[in-house]
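Reviewing the structure listed below.
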């Protein structure tokens with residue numbers, strides 16, 4: 001049997017994380033000694049490793065709890081666990097695509113800043129200058145109703 005400190009060392013988690021995961025009911029095999037101190041057997045350590053793996057994939061705690069509950073129900077839940085993983089993968093891919101759009105936008109912005117630094121274009125990044133350069137980007141910064149006013 002292992003203490004929280006030992007379980008943290010074995011799994012590479014922090015003691016705080018080990019306590020948090022047990023408090024959330026993610027380590028069903030955790031036991032308590034006569035002083036109500038958490039004690040971890042090898043099965044508990046395995047649950048912590050599994051939780052760490054899922055957390056590193058970006059899975060939210062609520063979904064990890066669902067996964068743990070499904071595992072406890074047995075092999076009949078393999079289709080549900082597979083569906084949970086597929087949904088998590090789809091969400092991760094959507095976040096990846098969003099991150100790619102962010103990077104593309106930032107590449108455009110850094111290229112713009114480079115041209116500004118090289119004094120090949122005026123500073124169009126500063127909102128304090130936009131009234132002065134409205135003619136350059138009026139379609140972006142001003143709606144037609146505002147431009148007519």
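Read-outs throughout are calculated quantities, based only on the coordinates presented, and are distinct from any laboratory measurement. Everything numeric here is computed off the predicted structure, so don't read it as measured data. Cβ: placed from backbone, ideal geometry, glycine included. Neighbour counts: every protein chain shown.
Quick check: residue separation of residue 42 and residue 97 times 0.36 nm, minus the Cα distance between them. What number comes out in nm?
15.9 nm
For each of 105, 49, count neighbouring Cβ atoms within 10 Å of the residue's Cβ, then give the residues from fewest to most.
105, 49
Helix 42-56 sits at what angle to the longest principal axis of the chain, using alpha carbons and giving 0 to 90 degrees rounded to 10?
For 42-56 against the chain, the angle is about 10 degrees.
Work out the FRET efficiency for residue 82 and residue 52 from their Cβ-Cβ distance, taking R0 = 25 Å, and round it to the nearest 0.05.
FRET efficiency, residue 82 to residue 52: 0.75.
Helix 61-73: angle to the longest alpha-carbon principal axis of the chain, degrees 0 to 90, nearest 10?
30
Can you give the calculated 222 nm mean residue ellipticity of the chain, where each DSSP H run of n ≥ 4 adds -39,500 (n - 2.57) and the sum is split over every residue, rounded to the nearest 500 deg cm²/dmol?
Theoretical 222 nm ellipticity from helices: -21000 deg cm²/dmol.
Could you tell me the ratio Rg/Rh of segment 4-88? Both radii from Cα atoms, Rh via Kirkwood.
With Rg and the Kirkwood Rh in hand, the quotient comes to 0.99.
Ranked from highest to lowest mean number of other Cβ atoms within 10 Å per residue, what is the order of the peptides 117-125, 36-44?
36-44, 117-125
I'd like the projected area of segment 62-130, averaged over all directions, using the convex hull of its alpha carbons. Report it in nm² with one decimal.
With every direction weighted equally, the projected area is 7.0 nm².
Based on the alpha carbons, how large is the Rg to Rh ratio for the chain when Rh follows Kirkwood?
Rounded to two decimals, Rg over Rh is 1.30.
If I model a spin label at residue 72 and residue 116 as a point 7 Å from the Cα along the Cα→Cβ vector, what separation in nanometres do I get?
Output for this residue pair reads 5.5 nm.
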